[in-house]
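Notes follow once the structure below has been shown.
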Amino acid sequence: MGVETIRKPADTRVAVKPAFDLALRMGDNALILAQRNAAWCGHAPALEEDIALANVALDLIGQAKLWLGYAGELEGEGRSADDLAFLRDGREFRNVLLVETPNGDFGQTTMRQWLYDSWHHFMLEGLKASSDERIVEIAEKSAKEVAYHLERSTDLVIRLGDGTDESHKRMQDALDYLWPFARELDVADDADRAIAAAGIGPDLASVAEKALAYRSEALSQATLTAPTDAVPRKGGKAGVHSEAFGFMLAEMQVLQRTHPGVKW
Amino acid sequence: MYAQKVESTGARPKSLDEMDPQERAFQERIDANIKIEPKEWMPEGYRKTLIRQISQHAHSEIVGQLPEGNWITRAPTLDRKAILLAKVQDEAGHGLYLYCAAETLGVTRDQLTEQLLSGKAKYSSIFNYPTLTWADIGAIGWLVDGAAIMNQVPLQRCSYGPYSRAMIRVCKEESFHQRQGYDIMMVLSKGSEEQRAMAQDALNRWWWPSLMMFGPSDAESVHSAQSMAWGIKQDSNDDLRQKFVDQTVPQAEYLGLKVPDDDIVWNEAKNDGKGGYDFGEVNWDEFFDVLAGNGPCNAERLGARVKAWEDGAWFRDGLMAHADKQAARKIAA
Ligand SMILES: [Fe+2]
Ligand SMILES: [Fe+2]
Ligand SMILES: [Fe+2]
C-alpha cells in the first residue's frame, strides 16, 4: 500500500504511514472478529446470549468502519472502508490470527472474545493519548463500547470456568488453544515500533503487561490456568493468515466480487 | 400469519345470556376495551388460546432469525451487514418479549421451547422457504415484515395487556425492517441488469408464500369467531390479505417489478366501493404441505434450532451451576 510520505504540507501529523498501519490493524481486527461473531446470530445457546453477542458484533462493525474509513483517507487512493473490507485479498489483511480462529463451541468463541477484549481495552486506553487527533476520537468512542464487551466476556469466563466440570474443561481447552494466538497482540513488529516511536500508539509491551495483570486476576476467579510457556502463534500482522481465513473472506466478499462496481 | 392456524375452543362463542356471572363480567370488560392482566380471572379457553397464539408468534420470531441470518456473513457492505445483523437481533428480542408475555399465562419458556423443538408447536410457514440471493433479504423485509405489520398493528389493541404491550414495541421495529427491506429492493431494481433480475426473482418466489402468511380463509371458522369475541383477533384473514395486496401492488409498480399473478386487476367495487385489487387463488395445498412439515426448509430450520439448543446445554448448565455455587457461598459467608 502506497503510504510512505506526508502528502499535505499543512498536515501536522508527522507520521502518516504509522497512523495508516495502526488504523488498518485496528480496523481489520474489529472487522474479522465481528464477522466471526455475527455467524452465531440465530444459533447461540440462549436468546440473551444471541442478542448480547450480536451487540458486540455490531459495535465492532461500527468501529471497523471508522478505522478502515480513516485508513482509506490516510492512504489517499480513494478507497472507502467498504473497498478495504470487500476488495482486498487475504495477504493484504493485517488482523492478528486470534480474531480469525474458527468459532468452535460457544466457549471457544467466548474465550477468543475475552482474550481480545482484555487487550483491546488497554490498547484503546493507550490510543487515547495518540498524537493523532482522529485516532484519539475513534479510540474514545470505541473505548466506551469495549468497556462493556470486557465486562461481559470477563463475567462469562469466570462463570463458565467456575461452573460445571464440563464447562470448566471446555473453557480450559479454549484457553490452552487460544492463548498462543493472543500473544501475537503483544509481540511488536517493525510497524508496531514505528507506531510507538511516532507517538501514534502505545508501546505494546506496556499494553501486554496491563492485559496480563487483568487476565491473571480474572483467571484465578475462573479457576483457569494460563499456559506459561506458550510460543506466540503469529503471522496475521504481516498478512500471513490461516487457511480458514481464505474461506471466510470468500464468503464475506462474494457479492462485491461477483458484481463489481455496483451499488448495494 | 405468524400465528396462522390457532385453534381456539372449537365451540361457537357463547352469548352473554349463556355465560355464568364470572364469565359474563369478563366478557363485558373485553367489550368495554378494558385490558385483561395476568393475575385476573380468565376462562381456561381464553388462557389456552392465548398461550398457543403468543407462543406460535414467539417461535416464528426465533425460527425467523434463520433464513435472514444466512446472509449476515455475506452482506455486501458494512452498512448492510450492520443493518441486517441488527434486524435479526431485533427478531430475537421479539421472541424474548413474546415468551415473557406467554409466561404471564402460566407456562415457562423452557416448556414452550420443548414444544417447538419436538415439532409439536407450529411457527409461520414463511420461514420454511430458502433465502437464495441477496435480493431475498430485501423481499423478506418488504413483504414478510410488511405482512407481519399488517397483522400485528391490530394486535396492539389485543384484550390481553402483556401481549398488547409486546405488540406495541414489536410493531415499531417491524416498520423499520420493512423500510430497510424496501430500500434494498429499490437499490437493486435501479441497479445493474443482474441486480434487477435478482429483485424480480425474489419477488416471484416470495409473493405467494407472503400471501399464505395470513392463513386460509377463516370467514366461517369457529376458532376465529371465538378469538374475535375475546378480542385476541381483530380482523379476518381474508381482510388482512386484501389490505396487504392493496398496499403492496403499487409498491411493486414503483419498483418497476411485476407481481407474479396475472389475475391482479383493479376492481372499483371492492372494499365497499373504495376499490381494491382482485387477485388469484393462493395454492393452499402448498400451504398445508409446508405446515405439515414438507416445505423446502422445515427440516433444516428445526434442525438448526435443535442443534443450537443441544450444543448450548453445557453452557446453560455451567451458568446455572455457577449461580448455585455463588448462592451457597453467600449462605456460608
Ligand atoms: Fe419480529
Ligand atoms: Fe412478528
Ligand atoms: Fe421483523
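The values are calculated or read from the model by the stated rules, or taken from the named source; none is laboratory data. Only a predicted model underlies this, so the values are computations on that prediction, with no experimental measurement involved. All Cβ positions, even for glycine, are placed from backbone atoms using ideal geometry, and neighbour counts span all protein chains on display. Heads up: the accessible areas ignore ligands, DNA and RNA and are worked out on the full protein's heavy atoms, side chains in. Shrake-Rupley method; radii C 1.70, N 1.55, O 1.52, S 1.80 Å.
For this structure, a couple of remarks:
- Sorted largest first, extent of chain B alpha carbons per principal axis (Å): 69, 58, 33
- Whole-Å semi-axes of the ellipsoid equivalent to the protein assembly as shown (Cα gyration tensor, √5λ, descending): 48, 31, 19
- HN-Hα J in Hz across the range B:70-86 - Karplus 6.51, -1.76, 1.60, θ = phi - 60°, x for Gly and Pro: 2, 9, 4, 6, 10, 4, x, 9, 5, 5, 4, 5, 5, 5, 5, 4, 5
- Look at the stretch A:152-162: the mean tally of other chain Cβ atoms within 10 Å of its residues' Cβ atoms is 3.
- Averaged over its residues, the range A:96-181 has an accessible area of 33 Å² per residue, based on protein heavy atoms and a 1.4 Å probe.
- Electrostatic bookkeeping for B:LYS122 treats Lys and Arg as +1 and Asp and Glu as -1; over the other residues with beta carbon under 11 Å from its beta carbon, the sum is +2.
- Under 5 Å from the amide H of B:ILE36 lie the amide H atoms of B:TYR160, B:GLY161, each residue being 5 or more positions distant or on a separate chain, with H modelled from the backbone and absent for Pro and chain starts.
- Unit charges at the beta carbon, dipole of the range B:16-306: most positive-side option, B:ALA219, B:TRP284, B:ALA58: B:ALA58
- The mean count of C-beta atoms from other chains within 10 Å of the C-beta of residues in B:80-89, rounded to a whole number, is 6.
- Positive-end residue, chain B charge dipole about Cα centroid, Cβ charges, pick of B:SER159, B:TRP266, B:MET186: B:SER159
- In terms of its C-alpha gyration tensor, the range A:5-258 comes out prolate, because a/c is 1.5 or above and the ratio a/b outweighs b/c.
- Rounded, prolate or oblate (a/c below 1.5 giving rounded, otherwise prolate when a/b exceeds b/c) for the range A:139-202 by Cα gyration tensor: oblate
- Along the range B:160-168 the Karplus relation, 6.51 cos²θ - 1.76 cosθ + 1.60 evaluated at θ = phi - 60°, assigns HN-Hα couplings of 8, x, x, 5, 4, 5, 4, 5, 5 Hz to successive residues, with x for each Gly and Pro.
- Chains A and B together bury roughly 4100 Å² of accessible surface, counting both sides and using a 1.4 Å probe on protein heavy atoms.
- Chain A - mean residue ellipticity at 222 nm from DSSP helices (-39,500 (n - 2.57) per run, n ≥ 4, rounded to 500): -22000 deg cm²/dmol
- Net charge dipole size for chain B [Lys, Arg +1 and Asp, Glu -1 on Cβ; Debye, nearest 20]: 1400 debye
- In sequence order, calculated HN-Hα J values of the range B:260-274 (Karplus, 6.51, -1.76, 1.60; Hz; x Gly/Pro): x, 8, 6, 8, 6, 8, 5, 10, 4, 7, 5, 6, 6, x, 7
- In a reduced charge model with +1 at each Lys and Arg Cβ and -1 at each Asp and Glu Cβ, the protein assembly as shown shows a dipole moment near 860 debye about its Cα centre.
- Value of [θ]222 nm, deg cm²/dmol, for chain B, DSSP H segments ≥ 4, -39500 (n - 2.57) each, nearest 500: -20000 deg cm²/dmol
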